Amino acid sequence: MGVNLKRIHHVAYRCKDAKETVEFYRRVLDMDFVLAIAEDEVPSTKEPDPYMHVFLDAGMGNVLAFFELPTREPMDRDRNTPEWVQHIAFEVEDLDALMAAKRKVEAEGLDVIGPTDHGIFKSIYFFDPNGHRLELAANTATPEQMKQLHDVAPAMLEEWSRTKRAPRHAAWLHENA
């Protein structure tokens, strides 16, 4: 019997300050604060390590969670990975919603990149108070485009694996943008 995944239960990241983080996501992205769990030891390892674990509703059953770890070294990002690589991407309804979100985020005094046209979606980028890069994306793809991308994905991966150079199978995504 195989693994039958239903969905992502939650995705967890570290935060500098749980209260500040919850307030940011509630205010900027209108997420509901679902629950908090606090312990003085790690349940899985029994290691003494006090933490606050907060959970936010990212829509449609998706949960974004954060850990505040006050006894650990201050958090930092992976300096060997460019800051544009690791990010949390959220889908918005359409391009109008994307532009309204951009105005709201900019009104918070945050720097926003975009909208950037990815061929099958447009997105904006900004950072949360912890330094996590966030993306809001509005889909623009047709079913035919998504089928074409799905069909060429295995060949693209095989070519990349051999050459470590960008395959041209889906170059149309950015060449016509």
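Figures for the structure shown
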| item | result |
| --- | --- |
| Spatially close lysines, pair count over the chain: Cα under 21 Å, gap of eight or more or interchain | 4 |
| Candidates Met99, Met52, Met146, ranked by Gaussian network fluctuation over the chain, Cα under 10 Å, top entry | Met146 |
| Amide H within-cut-off set for Arg14, under 5 Å, with H built and near neighbours excluded | Phe67 |
| Convex hull projection area averaged over all views, region 36-140, Cα basis, nm² | 8.6 |
| C-alpha center-to-center spacing [region 60-89, region 1-37] in angstrom | 11 |
| Residues with amide H under 5 Å from that of Glu91, placed H, sequence gap 5 or more | Ala137 |
| Local electrostatic count, Val54, Cβ distance below 10 Å [Lys/Arg +1, Asp/Glu -1] | 0 |
| Under 5 Å, built H, 5+ apart or other chain: amide partners of Thr140 | Phe121, Lys122 |
| For the chain, calculated [θ]222 nm from helices alone, where every DSSP H run of n ≥ 4 adds -39500 (n - 2.57) | -9000 deg cm²/dmol |
| Peptides 88-97, 63-72 ordered by average Cβ neighbours within 10 Å, highest first | 63-72, 88-97 |
| Under 11 Å, Cβ to Cβ, from Ile88 - net charge with Lys/Arg +1 and Asp/Glu -1 | -1 |
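None of the figures in this text is laboratory data; all of them are computed from the coordinates on show. The shown structure was predicted, so the numbers you read here are calculated from the model rather than taken from an experiment. Glycine gets a Cβ as well: all are built from the backbone with ideal geometry, and neighbour counts include every protein chain shown.
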